[in-house]
1. Considering only region 144-162, I want to know if a residue exists there that is over 17 Å from R176 (Cβ atoms) and of a type in the set (F, W, Y).
2. Please list, ordered by first then second residue, the pairs with beta carbon atoms under 7 Å, 6 or more apart or interchain, first in region 104-120 and at pLDDT 95 or above, second of a type in the set (D, E) and assigned to a helix (DSSP H, G or I).
3. So which residues in region 93-117 are crowded, with 22+ Cβ neighbours inside 10 Å and within 15 Å of the chain's Cα centre (by Cα), if there are any at all?
4. Inside region 119-135, can you point out the residues that are outside any helix (DSSP H, G or I) and buried (at least 19 other Cβ atoms within 10 Å of the Cβ)?
5. Only one of (1) surrounded by fewer than 17 Cβ atoms within 10 Å (Cβ to Cβ); (2) at pLDDT 50 or above; (3) over 22 Å from F143 (Cα atoms) fails for P9. Which number is that?
6. For R58, state whether it is closer than 23 Å to I147 by Cβ, outside any loop (DSSP other than H, G, I, E, B) and among the charged types (D, E, K, R).
7. Please work out which residue is surrounded by the most Cβ atoms within 10 Å (Cβ to Cβ), limiting yourself to region 136-181 and to residues that are among the aliphatic types (A, V, I, L, M), at pLDDT 75 or above and farther than 28 Å from I198 by Cα.
Amino acid sequence: MPSIEQVFPTPSFVDPKREAKNSPPDQTRDPERIIEKRVLEHVTTWTLGDVAPERYQRHITTSISMATTTFGHTHPDVQVHIALFTVLALCIDDLEVKSTALDEFVSRLHTGRRQLHPVLDYLVENLQHLPEYFPPYAAAAIFAATIQFINSTVFDKEAESMPLSQESLPYVLYKRARNSLGEVYGFYVWDKYSYPDISVHIQVISDTMTYLNYAK
């Protein structure tokens, strides 16, 4: 079973919040820029409503860097999938999707209705492809953690003025686990092409999530 250091060597971890806005995607693991080209070709087909291209261009740069460095060991199709997911997640995290659309995300997902914002429709489409790249348990865990992320994003906005008590540290840790996407990116490490037997790595998932939740 690989250690955390083996999975995430410090130089390769890309923090979306600290990635330079205009820095070019890292080409160390994508020297021919194949992943970058595939991601850009896909994103050019998107129509993101009120989110102008110049607003999410920095998200594309960050997402390609993360996919090709931190997850550069995975199958190229998985890297493209991760990059596209990250673009959409960053749009949500930066509150570029209105709260009214996020409020109805889960109910519309349950009933199969279209979402109230194209970013969320593209996210649902991305999630539907999870079984192609990950074992059933991992795909379901990623799906559930994404819902928790959106649910927490909505709640954080609603409760932004809520005072914290002196005994609230467990709550803070709980919230960080819900809105950090640590579980999503933890399972992204092991795609089913390279790691078809989930028992090989499942016992390190908890440590991987903890690392991703707090590595800054």
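The values are calculated or read from the model by the stated rules, or taken from the named source; none is laboratory data. Nothing here was measured: the structure is a model prediction, and the numbers come from that model. So basically every Cβ, Gly included, is an ideal-geometry build from the backbone, and we count neighbours across all protein chains shown.
1. No.
2. Between residues of region 104-120 that are at pLDDT 95 or above and residues that are of a type in the set (D, E) and assigned to a helix (DSSP H, G or I), the close pairs are R114/D121; Q115/D121.
3. Within region 93-117, none qualify.
4. Hits for region 119-135 are F134, P135.
5. Checking P9 against (1) surrounded by fewer than 17 Cβ atoms within 10 Å (Cβ to Cβ); (2) at pLDDT 50 or above; (3) over 22 Å from F143 (Cα atoms), the one that fails is (2).
6. For R58, the condition - closer than 23 Å to I147 by Cβ, outside any loop (DSSP other than H, G, I, E, B) and among the charged types (D, E, K, R) - is not met.
7. V154
Here's the yes/no breakdown for (1) of a type in the set (A, V, I, L, M); (2) farther than 27 Å from I198 by Cβ; (3) under 17 Å from the mean Cα position of the chain (by Cα):
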position: I34; (1), (2), (3): yes, yes, no
position: K37; (1), (2), (3): no, yes, no
position: T47; (1), (2), (3): no, yes, no
position: R58; (1), (2), (3): no, yes, yes
position: Q79; (1), (2), (3): no, no, yes
position: V119; (1), (2), (3): yes, yes, yes
position: P131; (1), (2), (3): no, no, yes
